[in-house]
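**Student:** Mind looking over this structure? Questions follow.
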Amino acid sequence: MKRKLLPLLLFVTLFYACKKDSVNPDARKDDGTFNTYESTFLDNLWKENPDWATQEGYHKYDSILIVPSSKNRGKLIDFYKSQLDSLSRYTITQLSPGNQMDYNIIQNQMQYQQWQLELLKQYEWDPTYYNVLGSFAYILNEHYAPLDVRLRHFYQKMANVPEYYKEAEKGIKNPVAELTALAIDQHINGLSVFEKDLADSLKKSKIPDAEQKLILDRATASATAVKGFADWLKNMKNDHPRNFRLGKEFYDDKFKFELQSQYTSQQIFNSATERKKYVHHQMAQISRQLWPKYFGTATMPTDSLVLISKMLDTISSKHVDRENFQSSIELLIPKLASFVQSKDLVTLDASKPLAVRKEPGYMGGGGAGASMSSPGPYEKNGVSYFNVGSLAGYSPEAAESYLREYNNYTLQILCIHEAIPGHYVQLVYANQSPSLIKSVFGNNTMIEGWAVYGEQMMLDNGYGNNEPEMRLMWYKWHLRSVCNMILDYSVHSSGMTKDDAIKFLTTEAFQQKIEAENKWKRVTVSSVQLDCYYTGYKEIMDLREAWKKDQGVNYSLKGFNEKFLSYGSAPVKFIKEAMMRKDASTNTSTSSSGSNH
Ligand code: ZN
Ligand code: ZN
């Protein structure tokens, strides 16, 4: 597996280079050399970032653990600079539209990484920046190579664990208290990978006893280093911790690099604020309409937020039992697929498997929740998993609260978002795009935006028989994206307090106290991440409007969806440029014409 990858990569590159020169009408003068550059760039990127490579399915550097020393940070900065240098040698107009997109994506990423190390300096104030456990768990649990091979890489990689944490301690200065607490938790909770999981796997392997002993000794040393780091964090004197708020200047820059939106954070914040007003208005209208059905002649609350909240609370009581949570999801998937087909929304590829599974223990949730694991760019034909967290550890009250949150309506929206036509469908399309760059630097704003957009598209096309209850619940769900944006911006950029945040989420986004408290926790340990849902949604809706106008009578929803998806997980602003380019939009019949190669 490890050996096969490189030749395959070269083959792909040569093939496209050749195809471009001879067949592709979009090919330009510098495409050939640019394609060669891209593949060397990627291998060098993986060499510098082996943990990241492992998770992308590139396993050549699995046995390497790079120590986070200041010398190595310097090397990384040099690497980013030299890539920017290499890029500057290409004339962007001499590249095909697909390669122009790749060029812009690489450039942004290199500038972003450099900015992080030189200005943001997360390695000083964010102890969660350091963590080896995820990669080790991945190597142990993902079956991409024979167990014995993975175990030996695991062993080699462990050699640097003690040194890794020694350097981590040297790098940390006045860390954020919330992030320090989180890092301690993560390290204590993840310890089992060295203390137990490795030993369990060794028993299943064919590795000789003597070698097993060496491996276990090194695991003990690794566990000691991890515990030592957690203790060091617990006991460190930190009289002047950094504030968890990013501050306006860093925030604006991080938003720009991370989301790569055509809009600024301020513009999206304003748009979300308007959207919230509109959604409240719509929700009040539906609630008034539904009132007699659920409350007969009882007096309707005059405050519209109270009215909505009461209606949501009543409808939420329709939910499945905890035993049937996962099986209900399994039953929904084929229904969603046939709806998408009957309305001709987007072509589904039946040959790409989707399996619903219990969330694997090492993914760390330990509780309920749902997510999608999709095959990486180097393992395109793998299975997509819809991971469903377990409710087993929940008290009856907690389970009830969770099941009300994922009631009969929202459970369907969840499946639309995660699977069809949301994340699963988008990633199947993305894997058809031959550009590794777009997959490796997958733009989360486009990815989440598509899933949010997909929810609305399904409802707008009559999913759920146009039931007002369904629409009302979707608005509540949608408000989460809208309010995530407002919250994140307000907290990091303008100092919103915890009390104001909880009040905002419970009254204006209709969240339960527990959910609001969890969201507050999340916003104190992350920034900008919560913005991608609404930002991506808005950009896609805007683009669809523009495209519709441009296409006139030739417009079709399916045509838009498939064209949009054909570019891979690229920032929406670049997809927009490519779609609205005059020479591209006249040729809509070949959906892949704009998609790079
Ligand atoms: Zn109930
Ligand atoms: Zn999502």
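The values are calculated or read from the model by the stated rules, or taken from the named source; none is laboratory data. Quick caveat, the model's predicted, so the values are computed rather than measured. Don't worry about glycine lacking a Cβ; one is built from the backbone with ideal geometry, like all the others, and counts go over all protein chains shown. SASA here: full protein model, heavy atoms, side chains in, ligands and nucleic acids out. Shrake-Rupley method; radii C 1.70, N 1.55, O 1.52, S 1.80 Å.
**Student:** With a/c under 1.5 counting as rounded, go ahead and sort the range 63-173 into rounded, prolate or oblate using the C-alpha gyration tensor (a ≥ b ≥ c being the square roots of the eigenvalues; past the cut-off, prolate if a/b is larger than b/c, else oblate).
**Tutor:** Oblate, since a/c reaches 1.5 and b/c is not below a/b.
**Student:** Restricting to the range 257-535, what percent of DSSP beta bridges are antiparallel, rounded to 5?
**Tutor:** 45
**Student:** What does the highest-first list of 144-153, 288-297 look like by mean Cβ count within 10 Å?
**Tutor:** The most tightly packed comes first, giving 144-153, 288-297.
**Student:** Separate question: For the range 375-454 and the range 215-258, what is the separation of their Cα centres, given in Å?
**Tutor:** Centre-to-centre (Cα) distance: 28 Å.
**Student:** Normalised radius of gyration for the range 382-436, please: alpha carbon Rg relative to 2.2 N^0.38 Å, two decimal places.
**Tutor:** 1.51
**Student:** Based on the mean of other Cβ atoms within 10 Å per residue, sort peptides 546-556, 162-172 so the most packed one is first.
**Tutor:** Put in order of decreasing packing, that is 162-172, 546-556.
**Student:** Please give the calculated 222 nm ellipticity per residue for the chain, where each DSSP H segment of at least 4 residues contributes -39500 (n - 2.57) and the sum is spread over every residue; nearest 500 deg cm²/dmol?
**Tutor:** -20500 deg cm²/dmol, from helical runs alone.
**Student:** So for the chain, what percent of the C-alpha to C-alpha distances run longer than 33 Å?
**Tutor:** 49
**Student:** Go through 203-211, 85-93 and give me the packing order, highest mean Cβ count within 10 Å leading.
**Tutor:** Top of the packing list down: 85-93, 203-211.
**Student:** What is the Cα radius of gyration of the range 3-243 over 2.2 N^0.38 Å, N being its residue count?
**Tutor:** Cα-based Rg divided by the globular estimate yields 1.20.
**Student:** Report the antiparallel proportion of the DSSP beta bridges in the chain as a percent, rounded to a multiple of 5.
**Tutor:** 45
**Student:** While we're here: Apply the Debye scattering formula to the range 257-535, with a single equal point scatterer on each alpha-carbon and no solvent, then give log10 I(q)/I(0) at q = 0.07 Å⁻¹.
**Tutor:** -0.26
**Student:** May I ask you to derive the relative contact order of the range 3-243, considering only C-alpha pairs under 8 Å and at least 6 residues apart, and to give it as an integer percent?
**Tutor:** That works out to 20 percent.
**Student:** Let me ask something else. When a/c is below 1.5 the answer is rounded, else prolate if a/b is larger than b/c, else oblate, so apply that to the range 204-275 with a ≥ b ≥ c taken from the square roots of the Cα gyration tensor eigenvalues.
**Tutor:** oblate
**Student:** Using a/c under 1.5 as the rounded threshold, could you call the range 327-483 rounded, prolate or oblate? The axes a ≥ b ≥ c are square roots of the C-alpha gyration tensor eigenvalues, and prolate needs a/b larger than b/c, oblate otherwise.
**Tutor:** Since a/c reaches 1.5 but b/c is at least a/b, the shape of the range 327-483 is classed as oblate.
**Student:** What is the extension gain from Asn465 to Met300, computed as 0.36 nm multiplied by their sequence separation minus the C-alpha to C-alpha distance, in nm to one decimal?
**Tutor:** Here the answer is 56.8 nm.
**Student:** Name all residues of the range 421-460 having a backbone nitrogen under 17 Å from the label point set 7 Å from the Cα of Arg522 along its Cα→Cβ direction, giving them as ranges.
**Tutor:** Within reach of a label on Arg522: 423, 444-453.
**Student:** For Ser351 and Val553, FRET efficiency with R0 = 45 Å and r from the beta-carbon atoms, rounded to 0.05?
**Tutor:** Result of the calculation: an efficiency of 0.85.
**Student:** Using a 1.4 Å probe, what is the accessible area per residue for the chain, in Å²?
**Tutor:** Heavy-atom accessible area per residue stands at 44 Å².
**Student:** First compute the accessible area of the chain with a 1.4 Å probe, then give the percent of it belonging to carbon and sulfur atoms.
**Tutor:** About 52 percent, which is the carbon plus sulfur part of the accessible surface.
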